[in-house]
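Each reported figure results from applying straightforward, stated rules to the coordinates on display, with no laboratory input. This is a predicted model, so every value here is computed, not measured. Counting neighbours? That spans all protein chains shown, and the Cβs are built from the backbone with ideal geometry, glycine included.
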Amino acid sequence: MEEYLREFNYMASIAELEFSATASNSGIDFEWSGFNDSMPNFVNETLSRIQGLKNQNLSQIFAQVKEKLLLDLKNFYFGQPYVMAVRQLDKLLVNLSFEQNDLKAHLEPLTYDQFMEFL
């Protein structure tokens, strides 16, 4: 979604409007910030573009993001041990997230068609 909205968010940032989406344990958190007079239009346009996401051909974006995520997951273990420990601490204590190798194993076989079924 971030890649899909990158150009739109860039134009919004010029007008000092910002949007972010964060995955959490309870779902996806959306956050908008900026000036009040522009905010209703910005929120409506953002939500319209998110709804239109399913009707777009995102196979190229999917392939690029998947490749980068797999590379990041692979390279995680080449980092300094203290850096890896700090990054894992939050996941272990708060998020109860998957370990990097588990994430990589689940992401590798995922296809674009399977991804689109989630939308």
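Structure summary
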read-out	value
Pair list, Cβ < 8 Å and 6+ apart or interchain, from region 62-74 residues that are in contact (Cβ under 8 Å) with a residue 12 or more places away in the chain to residues that are charged (D, E, K, R)	GLN64/GLU3; VAL65/GLU3; LEU70/LYS104; LEU70/GLU108; LEU73/LYS104; LYS74/LYS104
Checklist (1) over 30 Å from LEU92 (Cβ atoms); (2) part of a loop (DSSP other than H, G, I, E, B); (3) not β-branched (Val, Ile, Thr) applied to PHE42, failing item	(2)
Residue satisfying condition, being of a type in the set (Phe, Trp, Tyr) and in contact with a His (Cβ under 9 Å, 6 or more places away or on another chain), within set PHE98, PHE62, PHE78, PHE118	PHE98
Leading residue by the ranking (nearest to PRO40 (Cα to Cα)) among those in region 13-30 that are touching a Leu at 6+ places or on another chain (Cβ under 9 Å) and surrounded by 10 or more Cβ atoms within 10 Å (Cβ to Cβ)	PHE19
Selection within region 4-39 - part of a loop (DSSP other than H, G, I, E, B), at negative phi and either in contact (Cβ under 8 Å) with a residue 12 or more places away in the chain or among the aliphatic types (A, V, I, L, M) (or both)	TYR4, LEU5, ALA15, LEU17, ASN25, PHE35, SER38
Some residue of region 90-109 being surrounded by 10 or more Cβ atoms within 10 Å (Cβ to Cβ) and within 23 Å of ARG6 (Cα to Cα)	yes
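Yes/no matrix, rows are residues, columns are (1) polar (S, T, N, Q); (2) surrounded by 10 or more Cβ atoms within 10 Å (Cβ to Cβ):
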site	(1), (2)
SER33	yes, yes
SER38	yes, yes
LEU53	no, yes
LEU58	no, yes
LYS66	no, yes
ASP72	no, yes
ASN75	yes, yes
PHE78	no, no
